[in-house]
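Shown next, in structure tokens, is the structure this report addresses.
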Amino acid sequence: GGGGSGAGNGETRREQVMAQRGFRLDMQSRLWFTYRAGFKPIAPSKLTSDTGWGCMLRSGQMMLAQALLHHYLRRDWRLVRDRPPPRRYVEVLRWFEDDPAAMFSIHKIAQAGIHFDRTVGQWFGPDTVCKALRFLWHTAYTSEGTGPCQTAGLLVVEDRCIYKDMAEEVATSRPAYPGLGERLAEARHACSFRSLLVLVPCRLGATQRINADYIPKLAAYLRFPQSIGFIGGRPRHSYYFVGVRGYSTYYLDPHVTQQHVPMKRSVCCSSFHCNSPEKMSLAHIDPSLALGFYCDDKSDFDDLCQRIEHLAKGDSCPILQVQDRAPDYLTMEDVDDLDDDLLMEGGMEPEAEAISSVA
């Protein structure tokens, strides 16, 4: 009996070592976007660094980049050191270069914020960064026809409720004329149900910290196979939270200023990966955050909805719900025009003044 017990313990230890190794490799494979200094000015400002104000924009970049790595390289892809990264990885990384022309650059996101009453250099809340990313998504095309908006849909969820008809509309239509100007950007072609990125801005409590009732629910969402984590953190300190153990969550911290790295022919990717994630109790996070989910296809989206419905069953105050049809006041045409303050007030949402002293 003793030998069998020892073998079992040994197996458990082996499994733990393998799990820790797998977790470390997963974390090191995620793109890590931090404050940078020395890039071209973000028009119309003269800012050449986002230190002190860009942490939510960087957090949004990280969550979006993780979705795109899932999309193009699948969920189980890992970065292997001392081997050239795949072409798709380099392409995704270049889309986030700190350059005015890059698809999801700090320049483009900050400028998109102007459409949502933010000036360049102002701090974003999670709701604003989700809307800025959706704004940019509509022009995220490539000449080969394989760009994000050409092969996937992006849904920003309002009212903490996934409306299946809105999700289907986003997933089954693509830009008819990508790149041919704003007036043609709204023209859509019908297509089969594509991959779908779902972003859910929400506020989980009325004080400076998350309502305790939501903590086990939030931890459960992070364990969904479709989860790509969430962005949020502490007031005016945004992080990208990627995993959970018990009620502690692991995150990538953008509050490190690195020098801008121009991406010429060769890309040095070491400064875009973090070897050691930070850890925080879910009880300490600010209630304003944005969840992210990536669904490979229709069956994966249906599975996500079933998981959300199962978690919400019998819960008088669930974080997320699923409904078949959106209410009349929330049509697809109205979504981009919704007032930024509809979902949340205070907390992580930005104030009127620019922030210049965040650590």
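The values are calculated or read from the model by the stated rules, or taken from the named source; none is laboratory data. Computed from a prediction, not measured in an experiment: that's the story for all the values here. Cβ atoms come from the backbone with ideal geometry, glycine included; neighbour counts cover every protein chain shown. Ligands, DNA and RNA are stripped out before the accessible areas are found, and what is left, the full protein with its side chains, is counted by its heavy atoms. Shrake-Rupley method; radii C 1.70, N 1.55, O 1.52, S 1.80 Å.
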Intensity falloff of the range 78-218 expressed as log10 I(q)/I(0), Debye formula with alpha-carbon point scatterers, at q = 0.13, 0.19 Å⁻¹: -0.73, -1.25
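Of the heavy-atom accessible surface of the range 5-121 (probe 1.4 angstrom), what whole percent is carbon and sulfur? If you can, show how the numbers build up before the last one.
On the way: 2920 of 5330 Å².
Roughly 55 percent of what the probe reaches on the range 5-121 is carbon or sulfur.
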Values of log10 I(q)/I(0), in the order q = 0.13, 0.14, 0.25, 0.26 Å⁻¹, for the range 248-321 under a Debye, Cα-only, solvent-free model: -0.72, -0.80, -1.18, -1.21
Between residue 211 and residue 74, what FRET efficiency comes out of the Förster formula 1/(1 + (r/R0)^6) with R0 = 35 Å and r the beta carbon distance, rounded to 0.05? 0.50
For the range 23-65, alpha-carbon Rg relative to the globular expectation (2.2 N^0.38 Å, N residues): 1.39
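For the pairs 108/217; 46/131; 40/298; 40/164, flag any whose C-alpha to C-alpha distance is greater than 32 Å.
108/217; 40/298; 40/164
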Accessible area (Å², 1.4 Å probe, nearest 10) - residue 324: 100
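Rounded to the nearest 20 debye, what is the charge dipole size of the range 24-110 about its Cα centre when +1 sits on each Lys and Arg Cβ and -1 on each Asp and Glu Cβ?
Roughly 220 debye, rounded to the nearest 20.
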Please tell me the relative contact order of the range 181-269 in percent, rounded to the nearest whole number, where contacts are Cα pairs under 8 Å and at least six residues apart. 14
What is the calculated FRET efficiency for residue 19 to residue 329, with r their C-beta to C-beta distance and R₀ = 56 Å, to the nearest 0.05? 0.75
Could the peptides 249-255, 236-242, 218-224, 311-317 be put in order, highest first, of the mean number of other beta-carbon atoms found within 10 Å of their residues? 236-242, 249-255, 218-224, 311-317
Per residue of the range 201-215, in order, report the coupling 6.51 cos²θ - 1.76 cosθ + 1.60 (Karplus, θ = phi - 60°) as ³J(HN,Hα) in whole Hz, putting x for Gly and Pro. x, 7, 10, 10, x, 9, 9, 7, 10, 4, 4, 4, 5, 7, 4
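Measure off, as a whole percent, the carbon and sulfur share of the 1.4 Å-probe accessible area of the range 234-299, all protein chains present.
Carbon and sulfur together cover 49 percent of it.
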Test of understanding: express the Cα radius of gyration of the chain as a ratio to 2.2 N^0.38 Å, with N the residue count. 0.99
Take every DSSP beta bridge whose two residues both sit in the chain, then give the antiparallel share in percent to the nearest 5. 75
Residues of the chain: accessible area per residue at 1.4 Å, in Å²? 46
Averaged over every viewing direction, what's the projected area of the C-alpha convex hull for the range 11-147? Give it in nm², one decimal, please. 10.3
How compact and how long is the range 220-281, expressed as Rg and Dmax of its alpha-carbon atoms in Å? 14.3, 43
Using the 2.2 N^0.38 Å rule of thumb for compact globular proteins, work out how the range 185-225 stacks up: its C-alpha Rg over that value, please. 1.85
Any idea what the dipole of the chain comes to, in debye rounded to 20, about its Cα centre with Lys/Arg Cβ at +1 and Asp/Glu Cβ at -1? 1880
Note on the chain: contact order normalised by length, alpha-carbon pairs under 8 Å, 6 or more apart, percent, works out to 23
Looking at the calculated P(r) for the range 270-313, what percent of the C-alpha pair distances fall above 18 Å? 61
